[in-house]
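Here's the structure we're looking at; comments come further down.
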Amino acid sequence: MGSETDGEKMPERRKFLLSMAKSLGAATVGGLAWTGYLDGKKAYPSVLRPPGAVTEEDFLARCTKCGICVEACPYQALILARPGDERPVGTPYFQMRENPCRMCRDIPCTAACPTGALDRMLVSDSDGQDGLKLNINKALIGLAVIDRETCIAYWGIQCDACYRACPLIDKALTVEPVRNERTGRHAILGPVIHSGHCTGCGMCERACVTKKAAVFVLPRTMAMGESSNRYIKGWESSDEERMNEAPEETRTVTPRSEKSPMDYLNKDGF
Amino acid sequence: MISAIRNNRYLILRRISQVGIMLLFVCGNLLGWKVLAGNLSSSRVMGMVPLTDPFAVLQIFASRHLVSADALTGAVIVALFFGLFAGRAFCSWVCPVNMVADLAGWLRKKAGPELDRAEPAISRKTRYWVIGVSLFVSLFTGIAAFEWISPISMLHRGLVFGIGTGWTLVLAVFLFDLLLIKQGFCGHLCPLGGFYSVMTRFSLLRVSHQKEKCSLCLKCLEICPERQVLQMVGRQSSAVLSGECTNCGRCIEVCRDGAMKFGGRSYVAKHDPTIA
């Protein structure tokens, strides 16, 4: 290989190597541009997916954009994102203010998904045997959030539109009496969302009477924080149990903390 | 009239097939017909049989994700149908972009022979590179790369669910084919077409050529959107064996000698009496 006798073949081989190098170069450039474009395209954190949707990252990978869930929705609440909709193209989403999820018991959208981007397991209870029983109340489409500054109920006006609209009334949405500090003598009946029950169906957002809804659904990842597991809710037995699992050594060790507090408290100047 | 229909019989059948399939999808969405629900990426026939684009599933695998058994079954059904039997017929009998490309090709021909004969600036092998790149991009981004930019999906999904600004991409394909490269998208770039070419390498349904009937008018080569597959014309009697043939049947229609016809390929060792 590479000897003098191959001399006459060299131009052929060179031509081939050169064209391969060119193609590889073009493929690399194209691939990088393509990757960059897609990375920008998939970054829409505020999309409300159908019930049973797997995590957004998995959802974007598994959804083939076929629209069968959209067709299955008896209320035409689901929209298949068109280019220009500012959502990942071809994927299903809700616009709660226009057309919220009605929480059908047979969850036709989830049941119809052919690819597993909508996973029935996530909206089912085990029926004790091997079977699964659909339970729409387990859906986590999003979480309703109330803006207390624009919610007229918190102004003291008697409005319970969202409360009445909630399919999980008194569980996901309650009204709590609060003292009206402005008058000093009236009560405010303010709506409160409970994340343990709210499915993010969006009925409250549609029902809200303010110009732009004062209660609106956000994806759970956007609406919720995450407390560190270092903290424990006192006087709550279920949470206090976590203390039993805590490791022996939980202190943060820094150069300063190696010493006992007594050392620096007893320093000169104190 | 009768002869015009006869001379375009496969073209007419293909348009009926392409338009009919899209209409069934549209009726599935608007009227709730059960015949075909979904679109060409994934669909369900009569509310039961799943069909899935096997190239989309391949990209999902490349993105390090799994699909449900349903989607996998659908992909296997499609792969078996085209891979064992129909060849690359998806491109010419199902895909709606074929109509866009054919319109561009037809206008290009009308525009004059200079444009029509111009040498393409890129190789027909480019599509296989695009397949490779799309799988790599799927791996790096974690999403099925081609499905996010495909003008094919943009068109068939758009026809069923509303196209938004996606028409610009379809127009881009049209102008690319019309002004830049003849059969530029379907015949050079499209990785889905390339994928079907590879997958249908050994499918049964083939156009076959009979050398002794051929008068070398070469009309078939002129009309063929993948003319490299017809290299046997006038040279030897054989089936069109390349997976790049879309089984569109145009060569059969334009042949006045009856030298082309649909047939099955023979999988046993060939013995061609005309060559002996």
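Here, each number is a calculation from the coordinates, and none is a lab measurement. Keep in mind the model is a prediction, meaning the values are calculated, not measured. Note that we place each Cβ from the backbone using ideal geometry, even for glycine, and neighbour counts take in every protein chain shown.
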For the pair B:R64 and B:K110, how long in nm is the line joining their label points, each one 7 Å along Cα→Cβ? 5.1
Rounded to whole Å, give me the distance from the Cα center of segment B:231-270 to that of segment B:6-37. 27
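So what is the relative contact order for segment B:206-264, in percent, with contacts set as C-alpha pairs under 8 Å and at least six apart?
53
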Sort B:L155, B:L139, B:L31 so the one with the fewest other Cβ atoms within 10 Å of its own Cβ comes first. B:L31, B:L139, B:L155
Highest GNM mean-square fluctuation, chain A, Cα pairs closer than 10 Å: which of A:A161, A:A144, A:A53? A:A161
For chain A, find the longest principal axis of its Cα atoms and tell me its angle to the long axis of helix A:10-41, 0 to 90°, nearest 10. 10
Let me have the relative contact order for chain A, percent, based on Cα pairs under 8 Å that are six or more residues apart. 16
With r defined as the distance between the Cβ atoms of A:I152 and A:K15 and R0 fixed at 56 Å, what FRET efficiency is calculated, to the nearest 0.05? 0.15
Provide A:R182, B:R250, B:R265 in ascending order of the number of other Cβ atoms located within 10 Å of each residue's Cβ, fewest first. A:R182, B:R265, B:R250
When only DSSP loop residues count, what chymotrypsin sites (Phe, Trp or Tyr not before Pro) in segment B:194-258 have their Cβ near at most 13 other Cβ atoms within 10 Å? B:F202
Of A:K15/B:K182; A:K15/B:K261; A:K138/A:K211, which pairs sit farther than 27 Å apart, going by alpha carbon to alpha carbon? A:K15/B:K261; A:K138/A:K211
Counting other C-beta atoms within 10 Å, which of A:W235, B:W33, A:W34 has the fewest, and how do the rest follow? A:W235, B:W33, A:W34
In Hz, Karplus ³J(HN,Hα) per residue of segment B:230-237 (6.51, -1.76, 1.60; θ = phi - 60°; x = Gly, Pro): 9, 5, 8, 4, x, 9, 7, 7
Which whole-Hz ³J(HN,Hα) couplings does segment B:86-95 yield from phi under the Karplus relation 6.51 cos²θ - 1.76 cosθ + 1.60, θ = phi - 60°, glycine and proline marked x? 7, x, 7, 5, 3, 4, 9, 10, 10, 4
With θ set to phi - 60°, apply the Karplus curve 6.51 cos²θ - 1.76 cosθ + 1.60 along segment B:143-160 and write out the HN-Hα couplings as whole Hz, x wherever there is a Gly or Pro. 9, 5, 4, 5, 4, 7, 10, 5, x, 5, 4, 4, 6, 6, 5, x, 5, 8
